[in-house]
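Asker: Dumping the structure here so I can ask a few things about it.
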């Protein structure tokens with residue numbers, strides 16, 4: 001399990017929380033709560049992978065076109081909006 005999320009049993013429900021305090025959801029079964037926790041971990045991993053890819057794209061774009069990172073980021077964001 002991730003260090004970012006935790007699952008607790010409260011009454012007849014299972015609660016998934018971020019360690020920062022936000023409630024992700026309340027579920028009737030432990031299996032549902034566990035699946036949601038795993039979904040959150042997967043989403044976090046996909047987000048981090050995407051951030052890394054964008055960072056590499058910005059770095060490459062700045063080198064190829066001799067522009068600053070902000071402008072490279074804007075170009076990449078504009079291109080991504082068309083997908």
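Readers should treat all values here as calculations from the given coordinates under stated rules, not as data from a laboratory. Bear in mind the structure is a predicted one, so any value in this text is a computation, not a measurement. Cβ atoms come from the backbone with ideal geometry, glycine included; neighbour counts cover every protein chain shown.
Asker: Which value at 222 nm does the chain reach when only helices count, each DSSP H run of 4 or more adding -39,500 (n - 2.57), with the total divided by all residues and rounded to the nearest 500 deg cm²/dmol? Walk me through the intermediate numbers first.
Answerer: Values: 2 runs with 48 residues, N = 83.
It comes out at -20500 deg cm²/dmol, rounded to the nearest 500.
Asker: Here are labelled values, (1) 19.0, 60; (2) 11.8, 35; (3) 12.5, 40, and one is the computed Rg and Dmax of the Cα atoms in Å for what I pasted. Which one?
Answerer: (1)
Asker: Would you mind ranking 56, 4 by Cβ crowding within 10 Å, fewest neighbours first?
Answerer: Ascending number of Cβ neighbours within 10 Å: 56, 4.
Asker: Now for a separate question. By counting other Cβ atoms within 10 Å of each Cβ, how are 55, 78 ranked from fewest to most? Spell out each step's value before the answer.
Answerer: On the way: 55 12, 78 9.
Arranged by neighbour count, lowest to highest, 55, 78 become 78, 55.
Asker: What is the angle, in °, between the Cα long axis of helix 69-80 and the longest principal axis of the Cα atoms in the chain? Nearest 10 is fine, range 0 to 90.
Answerer: It works out to around 70 degrees.
Asker: I've got another one for you. Helix 30-65 sits at what angle to the longest principal axis of the chain, using alpha carbons and giving 0 to 90 degrees rounded to 10?
Answerer: 10 degrees
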